[in-house]
Amino acid sequence: MHLARFPRVRLAHLPTPLEPLPRLGEALGIDLWIKRDDCTGLAGGGNKTRKLEFLLGDAFEQGADTLVTQGAVQSNHVRQTAAAAASHGLACEIILEERTGSKAPDYVGNGNVLLDRLLGATFRTVPGGTDMVAELEKTAVEVRARGGKPYVIPGGGSNAIGALGYVDCAREIVVQADELDLPVDRIVTATGSAGTHAGLVAGLAVMGADIPVLGIGVRAPKAKQEENVLKLARETVILLGRPDAVKPEMVVADCDYVGEGYGLVDDAVIEALKLAARTDGILLDPVYTGKAMKGLIALAKLGRFKDETVVFLHTGGAQGLFGYESEIGAGL
Ligand SMILES: Cc1ncc(COP(=O)(O)O)c(C=O)c1O
């Protein structure tokens with residue numbers, strides 16, 4: 001594995017810290033560490049910064065002048081893509097899907113949406129359930145028709161090129177853990193459009209690091225999520241020239257903590273947000289990391305991580321908290 005072979009635009013503040021979470025770990029009875037990918041930089045940081053480094057590298061190689069992407073209304077991916085475009089003189093065309101159905105003023109106007117507007121992205125909103133792949137293509141056709149050169153980034157930046165960002169994160173975690181003399185038993189991450197989870201699995205597999213990754217699902221059921229992650233992890237190791245490195249048993253998702261659905265917050269998510277904030281001062285987000293922490297808390301209580309050293313990957317998203325005040329404010 002040699003990532004310098006891939007075109008890359010440096011956007012991230014790396015390496016992000018790998019730190020202990022002593023008080024939260026004590027509350028859960030486990031040796032808990034956190035990988036601070038909320039600190040990657042790029043309009044507030046988060047997991048998309050790493051993916052966008054490789055996606056932008058590819059976009060420039062293809063001579064693009066406009067980034068086109070999509071996400072839910074409060075998408076962190078969209079915010080970070082808009083920032084990447086702004087910082088490199090590219091136009092940015094966004095399609096936002098009303099995936100949760102919420103019309104609350106903070107949801108549609110604050111948090112990530114406010115930042116998308118501030119960053120100068122052009123965006124339009126479509127109803128939940130719209131074929132977003134077709135919308136991306138339609139927008140690319142429009143950009144071409146007016147003489148532009150679009151570069152289409154799939155939702156979440158999750159293709160094999162974007163997943164290279166998490167191959168690099170896997171390498172970074174292993175290097176840091178070795179420097180700390182920290183034998184890591186498990187990495188826990190939110191898993192949605194699959195690029196983060198797939199990149200980690202691919203990177204760890206190619207290194208032969210033998211650290212299991214547990215993805216806590218935020219949308220799809222377990223079988224579908226694992227299928228998506230495995231497919232993308234395989235595409236990623238093909239790109240790395242090691243097509244046989246990933247085995248199906250390396251991909252594990254627990255999708256029991258999605259609750260009512262994608263982007264819908266329940267009491268256990270609010271409790272997870274509060275616990276992380278009030279023990280170690282960590283700000284999680286309501287859609288991804290809050291749900292992943294909800295799962296981690298529940299599984300720790302079931303004894304699932306007994307005697308383990310667990311690294312929780314903080315994939316960012318706290319900017320989305322401001323889009324959810326009406327849902328979580330009363331619970332605080
Ligand atoms: C804050 C945050 N965490 C986790 C994820 C999930 O990552 P992935 O889409 O790569 O599965 C996302 C995706 O948008 C996100 O915004």
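The values are calculated or read from the model by the stated rules, or taken from the named source; none is laboratory data. The model shown is predicted, which means the values in this text are computed figures rather than measured ones. So basically every Cβ, Gly included, is an ideal-geometry build from the backbone, and we count neighbours across all protein chains shown.
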Considering region 141-159 alone, what residues qualify as being over 24 Å from the mean Cα position of the chain (by Cα) and either of a type in the set (S, T, N, Q) or surrounded by 18 or more Cβ atoms within 10 Å (Cβ to Cβ) (or both)?
V143
Picking from A177, A245, A205, A163, which residue would you name as being within 16 Å of the ligand (Cβ to nearest atom), outside the structural domain of L136 (by the TED database) and of a type outside the set (S, T, Y)?
A163
Looking only at region 292-326, which residues are buried (at least 20 other Cβ atoms within 10 Å of the Cβ), out of contact with any helix residue (DSSP H, G or I) (no Cβ under 8 Å at 6 or more places or on another chain) and charged (D, E, K, R)?
none
Please work out if T49 is in a loop (DSSP other than H, G, I, E, B), crowded, with 24+ Cβ neighbours inside 10 Å, among the β-branched types (V, I, T) and in contact (Cβ under 8 Å) with a residue 40 or more places away in the chain.
no
Out of all the residues in region 88-134, which are of a type in the set (K, R) and crowded, with 18+ Cβ neighbours inside 10 Å?
R99
Being among the aliphatic types (A, V, I, L, M), more than 10 Å from the ligand (Cβ to nearest atom) and farther than 15 Å from K247 by Cβ narrows I187, I211 down to just I187
Just checking: which of the helices (runs of 4 or more DSSP H) contained wholly in region 89-174 hold 1 or more residues that are within 25 Å of V188 (Cα to Cα)?
112-118
With the checklist (1) among the β-branched types (V, I, T); (2) touching a Leu at 6+ places or on another chain (Cβ under 6 Å); (3) within 13 Å of the ligand (Cβ to nearest atom) in hand, flag the one item V229 doesn't pass.
(2)
Exactly one of G303, G295, G281, G329 is at pLDDT below 95 and small (G, A, S), and that one is G329
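This table checks each residue for (1) within 16 Å of the ligand (Cβ to nearest atom); (2) in the same structural domain as H77 (by the TED database); (3) polar (S, T, N, Q); (4) touching a His at 6+ places or on another chain (Cβ under 8 Å).
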| residue | (1), (2), (3), (4) |
| --- | --- |
| K103 | no, yes, no, no |
| Y107 | yes, yes, no, no |
| L115 | yes, yes, no, no |
| T122 | no, yes, yes, no |
| A134 | no, yes, no, no |
| V141 | no, yes, no, no |
| R144 | no, yes, no, no |
